């Protein structure tokens, strides 16, 4: 059977919208509690998150963050970084559309360090993604989060590109 053309109908769900969000959480008890707080701040703490890779389909459009029903299976590209007292942690999402209008790509990243350092890393990742595919990207967009973790606490930064039908 020949492969389907990209414009043919399919039973496989293809997202039509996305939004990018981020959050951070600090907690004295555990990293898990800090992670939960970061997800809540990002507006995705009441969903069942499913990690996906990083392709923006043809025709997808970016929207502002919207409420998602509690318990919804929610596909996203998720960057997460955890740290302990006195550390600086960052997480981020970079995304850009192909210049040929055939969708785009998302890169996630995290590190011990600042948002500024992370943005340099994400730019490099996006350039590599385009290079591997032999395509050019339009403008690259970024959403990063940075956290200086207080003494005697755990901290987590999250950044996500959330896909919607």
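Where a number appears in this text, it was derived from the coordinates with a stated rule and is not lab data. Since we're looking at a predicted model, the values are computed, not measured. All Cβ positions, glycine included, derive from the backbone under ideal geometry; neighbour counts span all protein chains shown.
What's the exposure ranking of 144, 29, going from fewest to most Cβ atoms within 10 Å?
Ordered by Cβ neighbours within 10 Å, fewest first: 29, 144.
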Notebook entry, point to check: For the chain, what does -39500 (n - 2.57) per DSSP helix run (n ≥ 4), summed and divided by total residues, give at 222 nm, in deg cm²/dmol to the nearest 500?
Noted result: -6000 deg cm²/dmol
Check: Over segment 17-164, how many percent of alpha carbon pairs lie in each 5 Å bin up to the one with the longest distance?
Finding: 2, 11, 19, 21, 19, 14, 9, 4, 2, 0, 0
Note to self: How tilted is helix 31-42 with respect to the longest principal axis of the chain? Cα atoms for both, answer in degrees (0 to 90, nearest 10).
What the structure shows: 50 degrees
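What full-extension length gain, to one decimal in nm, is calculated for residue 124 and residue 29 as 0.36 nm per residue of separation minus the Cα-Cα distance?
Stretched fully, the residue 124-residue 29 segment lengthens by 30.6 nm.
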Note to self: Given points 7 Å out from each Cα along the Cα-Cβ axis, report the residue 164 to residue 66 separation in nanometres with one decimal.
What the structure shows: 0.3 nm
Item checked: Using alpha-carbon coordinates, inclination of helix 115-133 to the longest axis of the chain, degrees -> 20 degrees
